[in-house]
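The values are calculated or read from the model by the stated rules, or taken from the named source; none is laboratory data. Note that the structure is predicted; figures quoted are calculated from it, not measured. Counting neighbours? That spans all protein chains shown, and the Cβs are built from the backbone with ideal geometry, glycine included. Please note that ligands, DNA and RNA were not included when accessible areas were found on the heavy atoms of the full protein model with its side chains. Shrake-Rupley method; radii C 1.70, N 1.55, O 1.52, S 1.80 Å.
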Amino acid sequence: MNRKSASERAVDLPHELTFFLVDLMEPRPMLTSLRFVLLCLIMLSLAGCAAEPLLEGAAKTTVSVTLDGQPVEDAAVVFTPVGGGRSGVGRTDAQGIAKMGTSNYADGVFPGEYKIVVVKSIDDPSSAPSPAEDQHEVQGRGRPVYAKQLYLVPEKYISTSTSGLSTIVEAGVENEVTLDLTSDQ
């Protein structure tokens, strides 16, 4: 039986992580199953950190969102195709940057013309339904009662008919879209 050593099996990983994983993979009599579980958890978490593969035909697209010059964190960005087709979605990070995807996170957007909406809202704490009102939560059936929303980005940006935001995604290039939103109605 031709067995590769752990160092030969650890490929395409950052240098520091490679040594950690090699140490984990070296056979030791005790705690073998615990080491295996830990290794599996690390590998699963790394899968989310790997470069995001693009869908065939899709173009890498990032969006920068600011409101009155400040980055908007945790906003949903939606690209709606003008002529029909598949939408693109993303969520902004702390710097206001969203990596757009069609089926999965950051898997790209298909070329074409899009109208854009940006939504960031929270439940209005003063309008939260009481447990007696919200039997959906208690009994698991019926129509849920939702709290009113407080929009942290002006409401005009939540509809394609009022946002005034649009872009054209081009094939074969990295598309970078900048959305400079304002509080002015």
Within segment 157-179, backbone nitrogen closer than 19 Å to the virtual label 7 Å beyond the Cα of Val89 toward Cβ:
157-161
Suppose R0 equals 25 Å. What FRET efficiency, 1/(1 + (r/R0)^6) with r the Cβ-Cβ distance, do Ser161 and Gln70 give to the nearest 0.05?
0.45
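Go through 107-120, 156-169 and give me the packing order, highest mean Cβ count within 10 Å leading.
Values: 107-120: 20.4, 156-169: 16.4.
Ranked by mean Cβ neighbours within 10 Å, highest first: 107-120, 156-169.
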Using amide H atoms built 1.01 Å from N in the peptide plane, name the residues 5+ places from Ser121, or on other chains, whose amide H lies under 5 Å from its own.
Leu152
Once you put a point 7 Å from the Cα of Asp124 and another 7 Å from the Cα of Glu170, both along the Cβ direction, what distance in nm separates them?
4.4 nm
Using a 1.4 angstrom probe on the protein heavy atoms only, line up Glu73, Glu174 by accessible area, largest first.
Glu174, Glu73
